[in-house]
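Asks: Once you've had a glance at the structure underneath, I'll fire off some questions.
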Amino acid sequence: MGLILSSLVDLQAIENQVRRTEKELRKGQRQVKQQQYRIEQLQATIRANQEEIKLARMQYDKLELDLKVREERIAHMRVALNSAKTNKEYSTVLTGINTDKADNAKLEDQILALITHIDSDQAACKEIEENISQENEKLKIVCEDVEKRQKVTNVELEKQLEHRCEVYQKVPAKFGVMFDRLAERYDGEVLAAISQLNGGRGDYSCGGCYMKVPLEVANSLMTHDNVIICPTCGRILVLDKNPSQTSSA
């Protein structure tokens, strides 16, 4: 392998290291975000419960007012009942009292149900608040752990980037530009090693897209320091340092 391809192989190696390190940094950031998201979900739940409690209390106040109005009306009707002059009048007032009593019983059931609902939501809110407190403690621990790891990782990344810059300078400019473009396209996997198929009888395939590569391409890589692009996927082809033969189906 000539100087150009060797320099590209070295660049690929350090590119892989840089991207693994950057991935590790992003992993730490995701851990923090995931913990923050759990807290946000709990906070959203408690807000929803608090809104339900607010609405239930409004409904409770309305029912209490309705109950008070009906009880006052019953009291007035009882006075009217005692002063009724005819059986018809007495019967009408008594019916009104009984009707309001029945309605009041329904209101009391609704009020009791609302009180139970409010108590349940308040208990749930208290539990969620405790969970939020616990999750905030976890977030603090996660942030501290991630911060420690990222300090070490950032130092490592800085060294790797310096090394990448040194290696990059050894690559001819036009191939460096090509490498960067392909790195963006293939998430850093720029080079593809060709390997021989069919029990070593001449056919080769690209390690990136696994499509067949002409024999003359393999011969050129063995004898010349040429940068050859896979006609299918566009990656830069190199010889496999550890060739393994596989039989075709």
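The values are calculated or read from the model by the stated rules, or taken from the named source; none is laboratory data. Fair warning: this is a prediction, and the values are worked out from it, not measured in the lab. Methodologically, a virtual Cβ is constructed for each residue, glycine included, from the backbone with ideal geometry; neighbour enumeration extends over all protein chains shown.
Asks: Which residue is surrounded by the fewest Cβ atoms within 10 Å (Cβ to Cβ), if the candidates are limited to the range 1-46 and must be under 28 Å from Glu162 (Cα atoms) and among the hydroxyl-bearing types (Ser, Thr, Tyr)?
Replies: Ser6
Asks: Follow-up. With Gln150, Gln160 as the choices, which residue is over 24 Å from Ala44 (Cβ atoms), touching a Gly at 6+ places or on another chain (Cβ under 7 Å) and surrounded by 15 or more Cβ atoms within 10 Å (Cβ to Cβ)?
Replies: Gln150
Asks: Additional query: Being assigned to a loop (DSSP other than H, G, I, E, B) and at pLDDT below 95 is the requirement here; does Gly199 meet it?
Replies: Answer is no for this residue.
Asks: When you look at Leu215, is it exposed (fewer than 14 other Cβ atoms within 10 Å of the Cβ) and not assigned by TED's automatic domain parsing to the domain that holds Asn49, yes or no?
Replies: yes
Asks: Scan the range 146-170 for residues that are over 13 Å from Ile14 (Cβ atoms) and in contact (Cβ under 8 Å) with a residue 24 or more places away in the chain and jot them down.
Replies: Correct list: Val146, Arg149, Gln150, Thr153, Asn154.
Asks: Further question on the same structure: Within the range 74-126, take every residue that is of a type in the set (Val, Ile, Thr) and surrounded by 12 or more Cβ atoms within 10 Å (Cβ to Cβ) and give me the one that is nearest to Ala56 (Cα to Cα).
Replies: Checking each candidate, the answer is Ile118.
Asks: Please enumerate the residues belonging to the range 174-212 that are closer than 14 Å to Asp240 by Cα, exposed (fewer than 15 other Cβ atoms within 10 Å of the Cβ) and not hydroxyl-bearing (Ser, Thr, Tyr).
Replies: Answer for the range 174-212, where residues must be closer than 14 Å to Asp240 by Cα, exposed (fewer than 15 other Cβ atoms within 10 Å of the Cβ) and not hydroxyl-bearing (Ser, Thr, Tyr): just Gly200.
Asks: Can you tell me which residues in the range 75-117 are within 30 Å of Ile53 (Cα to Cα) and among the acidic types (Asp, Glu)?
Replies: Passing the criteria: Asp100, Asp103, Glu108, Asp109.
Asks: Is there a residue in the range 78-85 that is of a type in the set (Lys, Arg), at pLDDT below 95 and not in a helix (DSSP H, G or I)?
Replies: Checked against the condition, which is being of a type in the set (Lys, Arg), at pLDDT below 95 and not in a helix (DSSP H, G or I), the range 78-85 yields at least one hit.
Asks: Specify which of the listed residues (Glu52, Glu71, Glu64, Glu89) is in the same structural domain as Gln134 (by TED's automatic domain parsing), acidic (Asp, Glu), over 30 Å from Val142 (Cβ atoms) and over 60 Å from the mean Cα position of the chain (by Cα).
Replies: Answer to the selection: Glu89.
Asks: With respect to the numbered conditions (1) under 30 Å from His163 (Cα atoms); (2) exposed (fewer than 13 other Cβ atoms within 10 Å of the Cβ), which one is the sole condition not fulfilled by Val69?
Replies: Tallying (1) under 30 Å from His163 (Cα atoms); (2) exposed (fewer than 13 other Cβ atoms within 10 Å of the Cβ), Val69 fails exactly one: (1).
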